[in-house]
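Below is one structure, written out as structure tokens; the observations come after it.
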Amino acid sequence: MKEVLLELERRRANAREGGGQKRIDAQHAKGKLTARERIEAFLDEGSFEEFDMFVEHRSTDFGMENTRIAGDGVVTGWGTVNGRTVFVFAKDFTVFGGSLSEAHAEKVVKVQEMALKNRAPIIGFYDAGGARIQEGVAALGGYAEIFQRNVLASGVIPQISVIMGPCAGGDVYSPAMTDFIFMVRDTSYMFVTGPDVVKTVTNETVTAEELGGASVHTVKSSIADGAYDNDVEALLQMRRLIDYLPASNTAELPEVECYQSVTEKDFSLDRLVPDNANKPYDIKELILKTCDEGDFFEIQASFAKNIVTGFGRVEGRTVGFVANQPMVLAGVLDSDASRKAARFVRFCDCFNIPIVTYVDVPGFLPGTAQEYGGLIKHGAKLLFAYAEATVPKITVITRKAFGGAYDVMASKHLRGDINYAWPSAQIAVMGAKGAVEIIFRKDIDDPQKIATHTKMYEDRFLSPFVAAERGYVDEVIMPHSTRQRLARALRMLRNKDLQNPWKKHDNIPL
Ligand code: HXC
């Protein structure tokens, strides 16, 4: 008996060595952890249970029969994050550069299926060279098997991808179909084709970082939802994110202890909106002061900063915040902001996370750049996302809610459950200047008259009361009581039951 036990230990130790000490050292020298170290750091201590540790590839081409390594370039299994089950896979760059063979794909597919069947989130750590070149079409088939399972799991369990090294070719599309992608600065990059192919095809000279580094995907392409300075920080932040997410689309929201009173008034909020309507203020201050302990996990913080999206909690339960940011482009809605917020709203709706929307929006951004770029369709994405969402929706208009953007930002008409306005709210078709210049065009050369008309327009329309008179706003609330109002509304809406008509799926304007 003892011999077989020793044999098991020997084989395990061999598998844990991956591609060998030399390659592990090279991995460390690049500032990266190994696949197993990443999993250890991410999961609760001692909770990892590995699957398929002894799986090897079956390839016999190009002398591959002489180079079989237990695990075949990916470490898979499950464990817990603060006690909650999570499935994981981590590409092992020390084994054939983490490249994907048929056997490697089967391992990933197995955890995908386990995660879906057992309704728990799945997270993948990427550090890989794409399809195993020696395997050819078997690797391509393996990728497609993974893609198919990503799609089936979409909207059922949260799927998260963390790019911690190269991620190219076939490896990019699975992350692209997951809910969130995060990257590690300076050590990770993501592209369909690398710099060499780019040079050959388009004659562009570009580095891997310039083509697909974190600075590109968090700021320009919006492929990635965030980036961190190193592996450890990324892994700890992923633990934080998991804590916000329900295990599946039928699971309860996670609940954590709340240490901040919801009845205490925050009088600093009464001074948040400046007297001058054109002066910006930071909407994040409102988010931080209304969520529990100011603990906010921002999504896409570096892209389309004119809208803020992310997770917080109220009374210990997860809430998705969406807020126009007056500090950037006056909080205007443009194509990027609309796409960013639409995707976030849809994630929240998939997973029954209530949405709190803070509105201060002067409208949609005018101009040829926006129109040529498809503003109509992108703006419609956000409109569509809010309109189809059946989760509790609470809206607070802090200042401007002008034009179509008023409708879009979780208005009453899009089945907003509770729509509050601060006394500083201005709900109108447009701002006073633009309105007066149109309806009193004949007086345009008479500054006296224009001033009178403007004052009249402001008095009549630039307040929350015209909307409140019609019931478009449920109540005008004191800024200092916003957190208390949110908490009460969210509690009241806990059993909300609203169904959309049956359909195979909708046809959101992609
Ligand atoms: C087999 C691979 C591999 C691959 C890397 N390796 N990529 N083995 N198939 N795709 C191996 C290397 O041979 C090497 O083995 C080890 O991994 C480390 O690779 P290095 O090149 O030494 O590392 P580095 O210099 O850091 O460069 C990493 C890299 C580079 C940028 C990822 O390896 C690379 O460009 N690889 C090829 C990328 C690629 O073209 N993939 C195919 C994409 S096409 P040793 O034994 O020396 O340690 C694709 C189509 C699928 O994926 C489409 C489906 C939709």
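The values are calculated or read from the model by the stated rules, or taken from the named source; none is laboratory data. Not measured: the values here are computed from a predicted model. Every residue, glycine among them, receives a Cβ derived from its backbone with ideal geometry; neighbour counts consider all protein chains shown. Note: areas computed on protein heavy atoms with side chains; ligands, DNA, RNA excluded. Shrake-Rupley method; radii C 1.70, N 1.55, O 1.52, S 1.80 Å.
Would you mind calculating the gained length between Thr390 and Glu437 on full extension (0.36 nm times residue separation, minus the Cα-Cα distance), in nm to one decimal?
On the way: separation 47, 0.36 × 47 = 16.92 nm, distance 3.96 nm.
The Thr390-Glu437 span can extend by a further 13.0 nm.
What ranking, highest mean first, results for peptides 241-252, 61-72, 326-337, 393-404 when packing means the other Cβ atoms within 10 Å averaged over each residue?
Averaged packing, sorted descending, gives the order 393-404, 326-337, 241-252, 61-72.
What value does the stretch 294-354 have for Rg/Rh, both radii from Cα atoms and Rh as Kirkwood defines it? Can you show the working numbers first?
On the way: Rg = 11.5 Å, Rh = 11.8 Å.
Ratio value, two decimals: 0.98.
Between the stretch 108-126 and the stretch 297-347, what is the separation of their alpha carbon centroids in Å?
So the separation of the two Cα centres works out to 27 Å.
Find how many whole Å separate the alpha carbon centroid of the stretch 437-492 from the alpha carbon centroid of the stretch 362-416.
18
Provide the per residue accessible area, probe 1.4 Å, for the chain, rounded to a whole number of square angstrom. Walk me through the intermediate numbers first.
Working: 23280 Å² over 510 residues.
The answer is 46 Å² per residue.
At R0 = 45 Å, how high is the FRET efficiency between Asp445 and Glu293 if r is their beta carbon distance? Nearest 0.05 is fine.
Values: r = 56 Å, r/R0 = 1.25.
According to the calculation, E is roughly 0.20.
Measure nothing but the geometry: give the 0 to 90° angle between the long axis through the Cα atoms of 335-350 and the longest principal axis through the Cα atoms of the chain, rounded to 10°.
70
How far is the Cα center of the stretch 60-101 from the Cα center of the stretch 140-211, in Å?
If you average the Cα positions of each part, the centres end up 17 Å apart.
Give me the percent of Cα-Cα pairs in the chain that sit more than 30 Å apart, rounded to a whole number. Numbers along the way, then the final one.
On the way: 68318 of 129795 pairs.
Roughly 53 percent, once rounded to a whole number.
Which value results when the Cα radius of gyration for the stretch 182-315 is divided by 2.2 N^0.38 Å? Spell out each step's value before the answer.
Numbers: Rg = 19.7 Å, N = 134, 2.2 N^0.38 = 14.1 Å.
Compactness ratio reported: 1.39.
Just tell me which lysines come within less than 25 Å, Cα to Cα, of Lys30; anything on the same chain fewer than 8 places away is out.
Of all the lysines, those that pass the test against Lys30 - Cα under 25 Å, at least 8 places apart if same chain - are Lys22, Lys91.
Calculate one ³J(HN,Hα) per residue across the stretch 75-90 by plugging θ = phi - 60° into the Karplus curve 6.51 cos²θ - 1.76 cosθ + 1.60, and present them in order as whole Hz with x for glycine and proline.
9, 10, x, 8, x, 10, 10, 6, x, 9, 5, 9, 9, 9, 9, 9
Could you tally the net charge around Pro326, taking each other residue with its Cβ under 13 Å from the Cβ of Pro326, Lys/Arg +1 and Asp/Glu -1? Walk me through the numbers on the way to the answer.
Working: positive: Lys279, Lys284, Lys305, Arg399, Lys400; negative: Asp282, Glu285, Asp360.
Local charge sum for Pro326: +2.
For Lys455 and Asn276, compute 0.36 nm times the residue count separating them, minus their Cα-Cα distance, and round to one decimal in nm. Can you show the working numbers first?
Numbers: separation 179, 0.36 × 179 = 64.44 nm, distance 1.44 nm.
Result: 63.0 nm gained on full extension.
As a test of reading the structure, rank Tyr126, Tyr189 by solvent-accessible area (1.4 Å probe, protein chains only), most first.
Working: Tyr126 5, Tyr189 70 Å².
Highest to lowest solvent-accessible surface, that is Tyr189, Tyr126.
What share of the DSSP beta bridges in the chain is antiparallel, in percent to the nearest 5? Display every interim value, and only then the final one.
On the way: 24 of 64 bridges.
Counting only bridges with both partners in the chain, antiparallel ones make up about 40 percent.
As a check on your grasp of the helix formula, calculate [θ] at 222 nm for the chain: sum -39500 (n - 2.57) over DSSP H runs of n ≥ 4, divide by the residue count, round to the nearest 500.
-11000 deg cm²/dmol
From the residues Val319, Pro354, Gly471, which one has its Cα farthest along the dipole of the chain in the positive direction, the dipole being from +1 and -1 charges on Cβ of Lys/Arg and Asp/Glu about the Cα centre?
The listed residue farthest towards the positive side: Gly471.
Ignoring ligands, DNA and RNA, how do Val408, Val137, Val197 rank by accessible area with a 1.4 Å probe, largest first? Spell out each step's value before the answer.
Details: Val408 5, Val137 115, Val197 70 Å².
Final ranking, largest accessible area leading: Val137, Val197, Val408.
Please compute the length gained on full extension between Asn14 and Phe465, using 0.36 nm multiplied by the number of residues separating them and subtracting their Cα-Cα distance.
Values: separation 451, 0.36 × 451 = 162.36 nm, distance 7.22 nm.
Separation in residues times 0.36 nm, less the Cα-Cα distance, equals 155.1 nm.
For Lys442, give me every one of the lysines with a C-alpha distance below 28 angstrom, ignoring sequence neighbours fewer than eight places off in its own chain.
Here the lysines satisfying the reach criterion relative to Lys442 are Lys400, Lys433, Lys455.
Of Lys107/Lys381; Lys289/Lys503; Lys117/Lys504; Lys199/Lys340, which pairs sit farther than 28 Å apart, going by alpha carbon to alpha carbon?
Details: Lys107/Lys381 36 Å; Lys289/Lys503 40 Å; Lys117/Lys504 22 Å; Lys199/Lys340 31 Å.
Going by Cα-Cα distance, Lys107/Lys381; Lys289/Lys503; Lys199/Lys340 fall outside the 28 Å limit.
Rounded to the nearest percent, how much of the accessible area of the stretch 253-396 (1.4 Å probe, protein heavy atoms only) is carbon and sulfur?
Values: 2880 of 5490 Å².
C and S fraction of accessible area: 52 percent.
Given a 1.4 Å probe and the protein chains all in place, what does the accessible area of Arg12 round to, in Å² to the nearest 10?
The accessible area of Arg12 comes to roughly 80 Å².
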